[in-house]
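Report on one structure; see the data block that follows.
Rule-based calculations on the coordinates, nothing more; no lab input. Since we're looking at a predicted model, the values are computed, not measured. Every residue, glycine as well, gets a Cβ built from its backbone with ideal geometry; the counts of neighbours run over all protein chains shown.
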Amino acid sequence: MTGGDFPFPLLGLIHIRNRITQRREIHVDEPLTLRVHATGLEAHERGSRFDLITEATVDCEPVWRRDDRDGWVHCADGQRRWGRFGAAGLLLRAPAPDASALVLLQHRAAWTPEGRRWGLPGGARTSEDDAVTAALREAREEAGVEPEALRVVAQRADHPADDGWSYTTVIADAAAPRPLQANHESAELRWVPEPAVATLPLHPDFAASWKFAAGRSSLRTRPTTLLVDAANVVGSVPDGWWRDRAGAAQRLLRRCAATVPGTLPLADGELRWVQRCIVVLEGAASAAHDVDGVEVIRARGSGDDTLAEIADREPESLLISADRGLRSRLPPTATSAGPGVLLDRLPQPVTG
């Protein structure tokens with residue numbers, strides 16, 4: 001910057017912010033090699049703006065880097081959007097005491113883009129980030145959310161300008177609404193009941209994604225009772241279940257319990273919030289033991305008859321079964337999906 005070919009005088013430069021990515025711990029006795037370059041020159045309301053990228057290496061291994069994510073992008077629709085390589089945010093849900101969904105929202109500080117509005121913790125991606133990495137990092141910085149305390153269930157990419165810039169919503173669940181820690185970018189952090197989200201003054205892009213609209217899936221969930229045809233689901237995986245039907249049913253019950261309440265993405269992009277999970281067992285599988293968090297019903301006769309009767313009593317139910325005959329017996333208020341929708345969502349069974 002002191003060289004004669006640097007295009008700006010040092011007097012008058014204003015430092016805006018630092019963002020640093022540390023790849024690993026640096027020891028005091030390690031010889032560091034520093035590389036510095038300027039990039040991202042663009043117009044600014046007070047003149048010009050650029051990024052100064054500094055990278056520290058030890059024996060050619062990057063250990064420290066001032067990243068390159070910050071900056072406005074002028075999109076094809078005439079809007080400016082933050083993040084030179086796109087942006088990502090975390091849509092985190094957790095169950096309330098009544099098992100309904102709570103959503104983590106950030107009331108953005110007044111000085112931030114779209115300040116004084118509510119949205120998701122998130123921010124710009126670096127040139128090396130995937131969406132999940134960026135969303136989890138930003139949520140940790142802005143809300144104190146620990147990545148180990150949540151489970152990512154889906155991603156939703158939005159290209160508002162259709163010119164390559166994208167915002168990805170990373171959808172995740174936490175087992176409980178944990179305490180939050182706001183940084184300077186947040187005026188407030190709050191766990192909001194999902195039906196109340198739309199009543200707040202929302203960031204415009206988040207508000208558009210939150211609405212139900214024809215031809216486009218929403219980020220909102222529908223409260224759902226999950227009905228599981230255990231015989232059909234277990235039978236869809238050729239893992240030797242026929243040698244121990246009760247054991248196979250037991251593993252399914254434990255896997256279901258690990259994710260209820262929680263978000264269930266469907267194949268068409270719709271999101272369901274599973275408040276209750278009812279699993280119907282029949283025959284030898286009925287010997288499986290009950291598991292906390294799952295309602296187990298042992299059919300005295302046909303499992304299909306039992307599931308159809310339950311669906312008639314549950315106005316917002318989702319049947320998990322590939323049985324076409326059973327699915328044809330559902331009332332208009334119920335829907336269905338194949339076993340893969342559930343199995344892809346469940347944690348893998350513990351073996352050995």
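Helix 303-313 sits at what angle to the longest principal axis of the chain, using alpha carbons and giving 0 to 90 degrees rounded to 10?
Computed tilt is about 70 degrees.
With θ taken as phi - 60° and the coefficients 6.51, -1.76 and 1.60, list the Karplus ³J(HN,Hα) couplings across the range 333-345 in order, rounded to whole Hz; mark glycine and proline as x.
7, 9, 10, 9, 8, x, x, x, 4, 7, 5, 5, 8
Which whole-number value in Å³ per residue fits the convex hull of the alpha carbons of the range 201-352?
Dividing the Cα hull volume of the range 201-352 by its residues yields 135 Å³.
Looking at the range 77-173, what % of its DSSP beta bridges pair antiparallel, to the nearest 5?
Taking every DSSP beta bridge within the range 77-173, about 65 percent pair in antiparallel fashion.
Under 5 Å between amide H atoms, partner at least 5 residues away or on a different chain: which partners does R272 have, H built in plane at 1.01 Å?
The answer is R222, L264, L266.
Measure nothing but the geometry: give the 0 to 90° angle between the long axis through the Cα atoms of 245-257 and the longest principal axis through the Cα atoms of the chain, rounded to 10°.
Tilt of helix 245-257: around 40 degrees.
Nearest 10 degrees, 0 to 90: what angle lies between the long axis of helix 131-143 and the longest principal axis of the chain (Cα atoms)?
The angle comes out at about 80 degrees.
Could you sort the peptides 313-319, 299-305 by per-residue average Cβ neighbour count (10 Å cutoff), highest mean leading?
Details: 313-319: 17.7, 299-305: 15.4.
Top of the packing list down: 313-319, 299-305.
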